Amino acid sequence: MTVKRSSQVLAFLAYALLIFGWFVVLLFARKDRFAAYHARQSLALSLAVVVGPLIWLAVAWPVAWIPYAGPIISAASFSLIIGLYVMAAVAWFFGMSNAVRAQLKPIPFFGDWARRLPV
């Protein structure tokens, strides 16, 4: 598959601009199939990074009020968020690498989820 250099740059920007890169690419280059694919991948990654800690907070805060074990369980469950961020860093690296190499490969951990996004 031959991909234009401008599409590669847009796909790279979808990841490089972190949380809002996907929005910029979808706003200005929605019809560019390659850039839109990577923008969806970046959107899935951004949603995981933002929503994951919110879910943890919604669960861990009430659990922390349980006497004795609650605070320990809440603090220990934060390791799940650390794991999520490690997975996100790996996926971010692979996404940027795929964009530069003009590949339409899903990013690890979040790529299949991105295919189901209705963007």
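Taking every full run of DSSP H in the chain, the ones that stretch at least 24 Å from end to end by Cα along their long axis and average 1.0 or higher on the Kyte-Doolittle scale are 33-64, 69-100. Placing unit charges on each Cβ (+1 for Lys and Arg, -1 for Asp and Glu) gives the stretch 5-114 a dipole about its Cα centre, and among Val86, Gly111, Pro62 the Cα reaching farthest toward its positive end belongs to Gly111.
The Phe28 and Tyr85 beta-carbon pair, evaluated with R₀ = 41 Å, returns a calculated FRET efficiency of approximately 0.90. The alpha carbon convex hull volume per residue for the chain rounds to 93 Å³.
Local charge for Leu104 was computed over the other residues whose Cβ lies under 13 Å away, with Lys and Arg +1 and Asp and Glu -1, and equals +4.
In 10 Å bins starting at 0, how do the alpha-carbon pair distances of the stretch 65-118 split up by percent? Reading upward from the zero bin: 22, 34, 21, 16, 7, 1. Computed 3J(HN,Hα) for the stretch 111-119, one whole-Hz value per residue from the Karplus formula 6.51 cos²θ - 1.76 cosθ + 1.60 where θ = phi - 60°, is x, 5, 5, 5, 5, 8, 5, x, 9, glycine and proline marked x. Relative contact order for the chain: 30 percent, from Cα pairs under 8 Å spaced at least 6 residues apart, divided by residue count.
For the stretch 44-60 versus the stretch 93-115, the inter-centroid distance based on Cα atoms is 21 Å.
With both labels modelled 7 Å from their Cα along Cα-to-Cβ, the Arg101 to Phe20 distance reads 3.1 nm.
Rounded to the nearest 20, the Cβ-based charge dipole of the chain about its Cα centre (Lys and Arg +1, Asp and Glu -1) stands at 600 debye.
Each reported figure results from applying straightforward, stated rules to the coordinates on display, with no laboratory input. These numbers were taken from a predicted model, which means no experiment stands behind them. Virtual Cβ from ideal backbone geometry, glycine too; neighbours counted across all protein chains shown.
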